[in-house]
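Following: one structure in structure tokens, then a few remarks.
Each value in this text was obtained by applying a stated rule to the coordinates, not by laboratory testing. This is a predicted model, so every value here is computed, not measured. Here the Cβ positions follow ideal geometry from the backbone for every residue, glycine too, while neighbour counts run over all protein chains shown.
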Amino acid sequence: MSNNKPMPVPTEISAPFWEGLKAERLLIQQCNACAHWVFYPRRHCPGCLAHDLAWREVSGGASLYSYTVTRIATLPDFVDEMPQMLAVIELDEGVRINSNLVGLDETEISIGMRLQPVFAEVDDKGNRLLRFTGPDKDAASLQKPRQDAEAIVEPTMAASATRQIAFDDEAALRSLVSDEFSPWSNPVEVDQALIDAFAELSGDDYWIHTDPERARKESPFGGTIAHGALVLVLQSRMKLALGFEIVGFTNMVNYGSDRLRFPAPVPAGAKVHARARVKSVERLKRGTQLTLELNTHVVGNERPSVINDLVILYM
Ligand SMILES: [Zn+2]
């Protein structure tokens with residue numbers, strides 16, 4: 001199980017929900033004045049505005065309202081959960097919850113299907129997240145972290161201890177700034193099919209990317225090459241072992257890039273991998289700004305194919 005996944009931060013209002021999950025109980029608020037069920041946790045009833053909500057345990061019986069299957073991780077930390085089944089679940093009480101489906105093959109999923117809750121263990125501190133699975137699945141075994149998750153993590157990553165740093169601990173954050181890069185990520189293959197798919201998506205179907213025959217004859221690279229922007233976005237498929245985890249923030253924003261360069265081409269069929277280092281840390285009024293130099297190389301190449309000084313803002 002990845003140690004870098006963002007975790008919910010309970011607030012005074014939402015804490016009973018998270019505490020309930022720890023005890024494998026699903027607690028939802030209900031209005032004492034009008035019996036309306038409420039989710040997410042709030043101070044007042046959205047039905048009648050009464051400030052009289054009580055936490056009640058519900059069975060977790062639910063049906064699937066909507067879902068989507070993501071094949072590119074929503075955050076790099078989720079590469080061990082691919083594809084992600086993101087779902088809107090309607091509890092029998094009528095409230096809807098954003099969650100994930102687990103233990104289900106894509107072909108088994110259909111809108112309106114019945115679901116049961118899974119109180120998924122996500123760390124060794126007893127925290128659990130609410131997920132859902134089919135009514136005929138073994139929810140108890142799905143509560144355990146996936147056994148194969150650790151196996152896809154590179155050995156160097158498994159060995160490196162993760163240090164937790166509060167997002168407002170300026171001294172600790174400054175100690176992360178280094179000239180030294182992290183170990184390499186997992187490699188990702190950039191084949192012609194991926195380049196063609198990106199050409200179609202972006203509208204950039206210039207022959208140097210999409211016409212292998214012409215590129216063999218006319219391109220200075222002796223074949224087609226990947227779009228720089230494609231190699232850039234593939235960073236989401238690469239799992240980095242930074243050796244630290246920033247915690248305690250309520251919001252993390254990708255603020256853009258201070259520097260973006262494509263110094264070397266990526267030929268079709270090449271494998272790329274990435275590594276990163278913390279370039280700078282700044283405490284600003286709006287939060288903590290961390291600049292990560294995230295470089296992608298063709299495996300074996302000294303010269304990077306993408307240099308990206310990624311600016312992340314923690315608030
Ligand atoms: Zn009410």
Provide the percentage of antiparallel DSSP beta bridges, counting only those with both residues in the chain; round to the nearest 5.
90
With +1 assigned to the C-beta of every Lys and Arg and -1 to the C-beta of every Asp and Glu, and no other charges, what is the dipole magnitude of the chain about the Cα centre in debye, to the nearest 20?
620
Proximal aspartates and glutamates to K217, defined as alpha-carbon separation beneath 20 angstrom and excluding residues fewer than eight positions away on the same chain
D191, D196, D205
log10 I(q)/I(0), Debye, Cα-only region 155-314, no solvent, q = 0.09, 0.17, 0.20 Å⁻¹?
-0.35, -0.99, -1.22
Going by how many other beta carbons lie within 10 Å of each one, how would you line up L294, L142, fewest first?
L142, L294
What's the local net charge at V272, with K and R +1, D and E -1, over the other residues with C-beta under 14 Å away?
+2
Likely footprinting exposure, E282, E106, E302, fewest C-beta neighbours within 10 Å first:
E302, E106, E282
Once both axes come from the Cα atoms, what is the angle between helix 192-202 and the longest principal axis of the chain, in degrees from 0 to 90, rounded to 10?
70
In the chain, if the dipole is taken from +1 on Lys/Arg beta carbons and -1 on Asp/Glu beta carbons about the Cα centre, which of N98, Q30, Q164 is farthest to the positive end?
Q164
Listed here are the pairs K239/K271; K144/K271; K239/K279; which of them are more than 26 Å apart at the Cα?
K144/K271
Computed helical MRE - 222 nm, the chain, DSSP H runs ≥ 4 contributing -39500 (n - 2.57), nearest 500
-3500 deg cm²/dmol
Principal axis extents for the chain, Cα atoms only, whole Å, descending order, please.
74, 49, 37
